[in-house]
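Novice: Questions regarding the structure given below will be posed in turn.
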Amino acid sequence: MASPEVASALQAIEAASAADKPSQYSALLQHISASSTNLTSDLNAYAQTLLDDSLGIVVLRPLLAAFVEAFRNVEDPDVKIDVGEKVIGLLQSKGAGQYEEQDTQLKLAMADALESNQVQDYRKSAQTLATINLESTQKSVTPDEKAEVWIRIVRCYLEEEDPTSAFTHLNKIKNIIFSVQNKETRLHFHFNQARIYDSQRSFLDAAQAYYTISSEALLDQEERDQALAAALICAVLAPAGPLRGRMLAKLYKDDRAPGLDYYSILEKMFLDRLLSPAEIKAFAATLKPHHLARTADGSTVLDKAVLEHNLLGASKLYNNIGFDQLGELLGVDAEKAEDYAAKMLEQGRLSGYIDQIDRLIFFEGEASGERKTGHAERQVGKELRKWDANVAGLAEEVEKVTTMIQLAYPEFYAAQVVH
């Protein structure tokens, strides 16, 4: 309930003539802002009376604009939230379409309060911002203005660990991002896109996005280094295979990479060397919770990434290996080792085939990266054809040497042929 002084003043304004009301409303608002001891109730009562009054749009709009300005200057976030909810509801019932600018400014200020350190209700902030009319018929809303609001919504949902809702609003920005002129807004878009890819465990896409951001001149050096470090982490966690290999190569060849923490892990992965448990344990301590989330088979995202990498590393060391020996090498049982190898073979991330009768896995050079349809089966006579190809290659090299001798020493060559 409003203070007696404010309640009495509002009653007097209601009884005043239409010509005197604007000045009296303005004076009362200044008094409430400067000296009210019950700010929430007084502002709510003021807004209720103002919007219930039979003032015309031309008179009401500047009074509402003055109220919004006073509202934005309120320091207590709890007061802002309580008053904001009340006034937004009143405007909605009165027809917010007639007062879109004031409605928008109220919601932006309320979102500020919801995101403040004392409250930090990012979900409610996102929901409030999402109700702003960005397809206004009263004024033209630029792509930059739309993108700014949507990016803020995306950031709020990411703070709430809700990448699905964030992705919905990010897709809206994708439709207009090429029309956005503000470079900082475009940068925020790419950064939030990287965060969403990261949260959704699309680590390869996230690594590429973070790497692009790490070269952005608008950022200071520390922020670029953080983006590069995030790209390294996501590249390590990405599924092993040719695509990740290209991302690792890009990072490894970057002049800034040696200065990063855990550069040794990047180096080992790029060179297809096996990773030790001690290295992985130290690396895991720096990761975020979703990086260590459990997968369907009970292992963490990091465990799966390391196991697949070591399996790929083993393919560089051996022509073939038994299930039991592979499991021992990877630190898992034979059945799990076979299962991981089969999936990687099927997805084209590993080249070779499995002989389940002899319990052996045969490796065959570089993977294509193309998913195979059906089961990977050993091709009949493959080793013989490989031997034939090697012999043909050797014969070609001998023929080349013979030709070179003939051209350089024709007399010697002719004498050898005669004999």
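Novice: Limited to the range 227-244, what total is found for residues that are hydrophobic (A, V, I, L, M, F, W, C) and part of a loop (DSSP other than H, G, I, E, B)?
Specialist: To start, the set of residues in the range 227-244 that are hydrophobic (A, V, I, L, M, F, W, C) comprises 227-238, 240, 243.
If we keep only those that are part of a loop (DSSP other than H, G, I, E, B) as well, we get 238, 240.
Qualifying residue count, the range 227-244: 2.
Novice: Given 162, 121, 82, 144, which one is of a type in the set (D, E, K, R), in contact (Cβ under 8 Å) with a residue 24 or more places away in the chain and in the same structural domain as residue 56 (by TED's automatic domain parsing)?
Specialist: Result: 82 is the single residue among 162, 121, 82, 144 that is of a type in the set (D, E, K, R), in contact (Cβ under 8 Å) with a residue 24 or more places away in the chain and in the same structural domain as residue 56 (by TED's automatic domain parsing).
Novice: Looking only at helices (runs of 4 or more DSSP H) that fall completely inside the range 270-359, which ones have 3 or more residues that are of a type outside the set (Ser, Thr, Tyr) and under 31 Å from the mean Cα position of the chain (by Cα)? Lay out the reasoning, then the answer.
Specialist: Values: elements: 277-284, 301-317, 323-330, 334-346.
Fully inside the range 270-359 and qualifying: 277-284, 301-317, 334-346.
Novice: Do you know which residues across the range 246-262 are in a helix (DSSP H, G or I) and in contact (Cβ under 8 Å) with a residue 12 or more places away in the chain? Before you say what the answer is, go through the steps one by one.
Specialist: Start the filter on the range 246-262 by keeping residues that are in a helix (DSSP H, G or I), which leaves 246-252, 257-259.
If the condition is that a residue be in a helix (DSSP H, G or I) and in contact (Cβ under 8 Å) with a residue 12 or more places away in the chain, then 247, 248, 249, 250, 251, 252, 257, 259 are the ones that fit.
Novice: How many of the residues making up the range 48-96 are more than 19 Å from residue 113 (Cβ to Cβ) and among the basic types (Lys, Arg)?
Specialist: Residues meeting the conditions: 2.
Novice: Please indicate, with yes or no, whether at least one residue in the range 230-243 is over 29 Å from residue 273 (Cα atoms), touching a Ser or Thr at 6+ places or on another chain (Cβ under 7 Å) and modelled with pLDDT of 90 or more.
Specialist: No, there is no match, as no residue in the range 230-243 is over 29 Å from residue 273 (Cα atoms), touching a Ser or Thr at 6+ places or on another chain (Cβ under 7 Å) and modelled with pLDDT of 90 or more.
Novice: Let me ask something else about it. Looking only at residues in the range 165-213 that are of a type in the set (D, E, K, R) and surrounded by 15 or more Cβ atoms within 10 Å (Cβ to Cβ), which one is farthest from residue 232 (Cα to Cα)?
Specialist: Within the range 165-213, the first condition is being of a type in the set (D, E, K, R), and the residues that meet it are 172, 174, 183-184, 186, 195, 198, 201, 205.
When the remaining residues are screened for being surrounded by 15 or more Cβ atoms within 10 Å (Cβ to Cβ), the result is 172, 186, 195, 198, 201, 205.
Details: 172: 29, 186: 23, 195: 14, 198: 12, 201: 14, 205: 12 Å.
Step by step, filter the range 165-213, then rank; the result is 172.
Novice: Considering the range 386-418 alone, what residues qualify as being modelled with pLDDT under 85 and within 30 Å of residue 363 (Cα to Cα)?
Specialist: 386, 387, 388, 389, 390
Novice: Of all residues in the range 1-39, which are outside any helix (DSSP H, G or I), buried (at least 16 other Cβ atoms within 10 Å of the Cβ) and of a type in the set (Ser, Thr, Tyr)?
Specialist: Answer for the range 1-39, where residues must be outside any helix (DSSP H, G or I), buried (at least 16 other Cβ atoms within 10 Å of the Cβ) and of a type in the set (Ser, Thr, Tyr): 3, 36.
Novice: Hey, any hits in the range 259-270 for a residue that's polar (S, T, N, Q), at negative phi and in contact with an Asp or Glu (Cβ under 9 Å, 6 or more places away or on another chain)? Walk me through how you get there before you give the answer.
Specialist: Filtering the range 259-270 down to residues polar (S, T, N, Q) leaves 264.
From what's left, at negative phi: 264.
Then keep just the ones that are in contact with an Asp or Glu (Cβ under 9 Å, 6 or more places away or on another chain); that gives 264.
There is at least one residue in the range 259-270 that is polar (S, T, N, Q), at negative phi and in contact with an Asp or Glu (Cβ under 9 Å, 6 or more places away or on another chain).
Novice: OK, next. Considering only the range 250-282, state which residues are surrounded by fewer than 16 Cβ atoms within 10 Å (Cβ to Cβ) and within 24 Å of residue 346 (Cα to Cα).
Specialist: Passing the criteria: only 271.
Novice: Using beta carbons and a limit of 8 Å, which pairs, at least six apart or on different chains, have the first residue in the range 313-328 and closer than 20 Å to residue 245 by Cα and the second one of a type in the set (Ser, Thr, Tyr)?
Specialist: Filtered contacts from the range 313-328: 315/351.
Novice: Residues 182, 175: which one is farther than 28 Å from residue 284 by Cα and modelled with pLDDT under 90? Don't jump to the end; show me each part of the working.
Specialist: Values: 182 fails: modelled with pLDDT under 90.
None of the others qualify; the one that does is 175.
The values are calculated or read from the model by the stated rules, or taken from the named source; none is laboratory data. Since the structure is predicted, the reported quantities are computational estimates derived from the model, not experimental observations. With ideal geometry, Cβ positions are generated from the backbone for all residues, glycine too; neighbour counts draw on all protein chains shown.
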